[in-house]
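*Asks:* Below is a structure I'd like to ask you about.
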Amino acid sequence: MPLHKHPSNDQRISIRPQFARPGELAEVDRFSIGDGSMSPDTAYQIIHDELMLDGNARLNLATFVTTWMEPRAEKLMLECADKNMIDKDEYPVTAELEMRCVTMLANLFHAVAGETPTGCSTTGSSEAAMLAGLAMKWKWRERRKAAGKPTDAPNIVMGANVQVCWEKFARYWDVEMRLVPMGPETYMTPEGALALCDENTIGVVAILGSTFDGVYEPIKEIADALDQLDTDTGLDIPLHVDGASGAFIAPFIDPDLEWDFRIPRVVSINASGHKYGLVYPGVGWVVWRDPEHLPEDLVFHVNYLGGDMPTFALNFSRPGAQVVGQYYNFLRLGRDGYARVQQACRDTARFLGEEIAKMGPFALVSDGTGLPVLAFRIADGVDRYSVFDVSDALRARGWQVPAYTFPENLQDIAVLRIVVRNGFSRDLGRVLLEDIERETARLEKRGGAPREDQQESFHH
């Protein structure tokens, strides 16, 4: 849960005279529940007017989260907004659709043929990642106990470019987080991963599409290195793939890339349905290679909702709407439809990268050949403005383009990042390019020193 501070000291919200009904107040409390009621139209208008100050979600190029769905999908999700996903006895069809989605994803990720698909939906990929991490910790502890060895010092190995959910997992469940340093590569190398592994390593996490620059990590090479480590030392360390974004990209437009359960070392995969799964937030998925890799001790059974309800989740009650939205996409788009959507996103990202590289003041760090994401920095020799200045200037035009520095060892690299999602067309891209060119020309004429207060550049 985010911790919020009051953004304003103003304790009252004004009601526009046109919408205040006879007998209603002209103002309402901002931070406390009022004593009386008001008409639904007035309450709607107050909130509607305040929300106008939010950014335009379609112009938010910082987020990976889906900002557009088809009207029929929205209609289905609205019809299911009141259904609790945990009530599988009351809503058996919604539960069935969840299992169908898990089965489809298991097949998409090349899970073991003939095995019962093992996985579940979650509120997002972060929860899915934590569940996968817990499964690896429990399996590691089982192996250590069986060997009569201590279980008090587990660690997990991953690149310094991982999403913050993995830091949360390590801290919440008391696992040492061993980060492979960046540099000169912007991703974890097989050599870097092996250097940090030992008998207390519960698993290695490889990323199929970094949030920093969209680059795929070399998952097959990392797995091969872990296989060799097992042969040389007997250390059998599982590999988890954080496919938050890439698990809905690679199967459709990089089908020959080996990253999933085709690699025996991979035991689990998390994916985000509300990113390139094309569903509104929040829904994620976690799939295991087979039931063997999900310890039964982590599955709880409850009966107070009616019937036996096995559950493995950090949350309990949550809406079934997003799961239904995911099934709609699978049914509606099929493999061909997903491939067309994701290829269009990548084509737009590549187009933007080519045009930005031609402008002169920028140098590409990534060009959209992994995820449909490109990161670019200020070119050498340009010293009148920084990426943080450019981010601010574009924000004034309505675009939300984040500026940030890379992790430790590459902190001298500051970049802007553009995430191309479904609904961001090449036409919108051309407008963005015009605004980038216009604003950088203005910054060049302005002169002076580039902005240095990097921490205040973008809150995301």
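*Asks:* Using alpha carbon coordinates only, what is the Rg to Rh ratio of region 79-195, with Rh defined as the Kirkwood radius? Present the calculation step by step, with values, prior to reporting the outcome.
*Replies:* Details: Rg = 18.2 Å, Rh = 17.2 Å.
Reported Rg/Rh (Cα atoms, Kirkwood Rh): 1.06.
*Asks:* Something else now. Of the beta bridges DSSP finds with both residues in the chain, what % are antiparallel, to the nearest 5? Before the final figure, lay out each step's value.
*Replies:* Numbers: 31 of 50 bridges.
Taking every DSSP beta bridge with both residues in the chain, the antiparallel ones total about 60 percent.
*Asks:* A further question follows. Restricting to Cα atoms and excluding each atom paired with itself, what does the Kirkwood estimate give for region 315-435 in Å?
*Replies:* Mean inverse Cα-Cα distance, inverted, gives 16.3 Å.
*Asks:* At a 1.4 Å probe, what is the % contribution of carbon and sulfur to the accessible area of the chain? Mind dumping the intermediate values first?
*Replies:* Working: 11480 of 22300 Å².
In the chain, the share of accessible area belonging to carbon and sulfur is 51 percent.
*Asks:* Projected area of region 223-356, taken from the Cα convex hull and averaged over every viewing direction, in nm²?
*Replies:* Spelled out: convex hull of the Cα atoms, projected over all directions, averaged, 11.7 nm².
*Asks:* Need the full-extension length gain, Arg262 to Arg143, defined as separation in residues times 0.36 nm minus the C-alpha distance. One decimal, nm. Mind dumping the intermediate values first?
*Replies:* Numbers: separation 119, 0.36 × 119 = 42.84 nm, distance 2.43 nm.
Length gained, Arg262 through Arg143: 40.4 nm.
*Asks:* Moving on. Collect residues whose amide H, placed 1.01 Å from N in the peptide plane, falls under 5 Å from the amide H of Arg30; neighbours closer than 5 in sequence don't count.
*Replies:* Arg12, Ile13
*Asks:* Net charge within 15 Å of Glu127 by Cβ-Cβ distance, Lys/Arg positive one each and Asp/Glu negative one each, not counting Glu127 itself?
*Replies:* 0
*Asks:* Sort 190-200, 117-127 by the packing proxy (mean of other Cβ within 10 Å over each peptide's residues), most packed first.
*Replies:* 117-127, 190-200
*Asks:* Taking amide H positions as placed 1.01 Å from N in the peptide plane, with prolines and chain starts having none, which residues 5 or more places from Tyr404, or on another chain, fall under 5 Å of its amide H?
*Replies:* It is Val415, by chain and number.
*Asks:* Right, next: About its Cα centre, how strong a charge dipole does the chain have in debye, to the nearest 20, once Lys and Arg get +1 and Asp and Glu get -1 at the Cβ?
*Replies:* About 820 debye.
*Asks:* Rounded to the nearest 500 deg cm²/dmol, what is the calculated helix-only ellipticity per residue at 222 nm for the chain, with -39500 (n - 2.57) per DSSP H run of length n ≥ 4?
*Replies:* Numbers: 11 runs with 164 residues, N = 460.
Rounded to the nearest 500, the figure is -11500 deg cm²/dmol.
*Asks:* When the C-alpha atoms of the chain are aligned to their principal axes, what extent does each axis show, in angstrom, from largest down?
*Replies:* Computed over the Cα atoms, the extents are 73, 64, 44 Å.
*Asks:* Something else now. Mind checking which lysines have their Cα closer than 23 Å to the Cα of Lys149? Skip sequence neighbours fewer than 8 apart in that chain.
*Replies:* Lys137, Lys139
*Asks:* Also: Can you give the FRET efficiency for Arg332 and Tyr44, using 1/(1 + (r/R0)^6), R0 = 25 Å, r = Cβ-Cβ distance, to the nearest 0.05?
*Replies:* 0.20
The values are calculated or read from the model by the stated rules, or taken from the named source; none is laboratory data. Worth saying up front: this structure is predicted, and the values here are computed from it rather than measured. Because the Cβ atoms are built from the backbone with ideal geometry, glycine has one as well, and the counts that use them run over all protein chains shown. All accessible areas refer to the heavy atoms of the entire protein, side chains included, with ligands and DNA or RNA removed. Shrake-Rupley method; radii C 1.70, N 1.55, O 1.52, S 1.80 Å.
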